[in-house]
Amino acid sequence: MADPLINASIGPFIVRDLISGGGIAEVYRAEHADDRSIVAVKVMRPERLGDRAHLAAFQTEFAMLQRIRNPGVPVARRQGDIKGRPCFIMDYVAGQPLHQLCQGERPLGRPAVFADLVGIVAQLHQQRILHADIKLENAILKPNGKVGLVDFGNAHEVVARSLFARLFGGRKQLFATPTYVAPELVRGGAPTFASDVYALGVCAFIILTGEPPFPATRSSGRVRANLKGTPPAIRSRVHELPSRAAVAIDAALNKDPAARPLDARQFAVGIRELETMARISTASYQRKD
């Protein structure tokens, strides 16, 4: 079935193709009819239109992306609707998702890319904003070599009541990606800076080794491992990694949130040496049998 939004218009922009889809919304690439400039359009899924909590969260995401001033985060430009569905226009982040660059157990091997991602989240934490869905699928390596972080559908300010609680608190439902979910969230806790740091630790492991700390094939297995498993020390897999950065990454994956870096700002200090490391040599890797 043809996508009804392809070639639909919102203001001067014409929807061209689908970029990604999630449980609440879909993101499309759209082109200005005159100057051909490209934007992204986030559109609520039709089956979510009757859910007031999701509608409120969608509006909150737009307002947050208007306020955030971070070179790694797209800015929301305008709200509207398209074919009866709420939507908003935001900057288009060109590039390739980091998870595509780490497929097939092939490490990206570029520590500076990870350091850039941590820097983006550190700025968010400084503004008291949790992303709450950090994963390589939401991190884009742009043509200029810098990272962009997208999908703020679950993000919230820590001064406000948790979006996690507003959406799912009464349903006992976990809304997270199993590979990246911190153990305290599986146990019913609310997202914190420490749970964002845990997800960053998982990102580091995948970028540097080519696979997650717990590479179970099933989602349930990854969740159980996040709860009870002990991740291998990162330096046992990447020998060339500076010791201070290795300690910070290992701490980020600690089961106890109190034992992790307090937030991404503290984590960024621990991995600072990675900012100047363009690549790690292939000889530095110890593959897991």
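Couple of notes before you dig in:
- Mean ellipticity per residue at 222 nm, deg cm²/dmol - from DSSP H runs of n ≥ 4 across the chain, formula -39500 (n - 2.57): -9000 deg cm²/dmol
- Linear extension gain, Ala112 paired with Arg279, 0.36 nm per residue minus alpha-carbon span: 59.3 nm
- The stretch between Gln103 and Ile14 holds 28.8 nm of extra length on full extension. This uses 0.36 nm per residue minus the Cα-Cα distance.
- Dipole axis of the chain (+1 Lys, Arg; -1 Asp, Glu on Cβ), positive-most option in Gln126, Asn138, Gln79: Gln126
- Top positive-direction residue, dipole computed over region 96-284 with Cβ charges, set Gln103, Leu274, Gly153: Gly153
- Inter-label distance, Gln126 to Arg29: 3.2 nm, where each label sits 7 Å from its Cα along the C-beta direction.
- Inter-label distance, nm, simple model (7 Å from Cα along the C-beta direction), Ala259/Arg67: 3.5 nm
- Options Val238, Ala264, Leu227, ranked by Cα towards positive dipole end of region 213-273, top entry (Cβ charges): Leu227
- Rounded to the nearest 20 debye, dipole of the chain from Cβ charges on Lys, Arg, Asp, Glu: 540 debye
- Using a Förster distance of 45 Å, the FRET efficiency for Asn7-Ser243 (Cβ separation, nearest 0.05): 0.25
- Working note: Karplus 6.51/-1.76/1.60 with θ = phi - 60° gives region 195-206 the couplings 6, 5, 4, 4, 4, 5, x, 5, 4, 4, 4, 5 Hz, where Gly and Pro are set to x.
- Value of D in µm² per second that Stokes-Einstein yields for region 11-91, Kirkwood Rh from Cα pairs, at 10 °C (1.306 mPa s): 122 µm²/s
- Residues within the reach of a label modelled at Arg36 (point 7 angstrom out along Cα to beta-carbon, backbone nitrogen below 15 Å), restricted to region 1-26, are 14.
- Among the listed pairs Lys135/Lys255; Lys42/Lys142; Lys83/Lys142; Lys135/Lys228; Lys42/Lys255, a Cα-Cα separation exceeding 25 Å is found for Lys83/Lys142; Lys42/Lys255.
- With a simple spin-label model that places each label point 7 Å from the Cα along the Cα-to-Cβ direction, the separation between Lys83 and Glu157 comes to 3.5 nm.
- Counted charge near Gly22, where neighbours are those whose Cβ lies closer than 11 Å (Asp, Glu -1; Lys, Arg +1): -1
Just so you know, all these numbers are worked out from the coordinates, no wet-lab data involved. Not measured: the values here are computed from a predicted model. Counting neighbours? That spans all protein chains shown, and the Cβs are built from the backbone with ideal geometry, glycine included.
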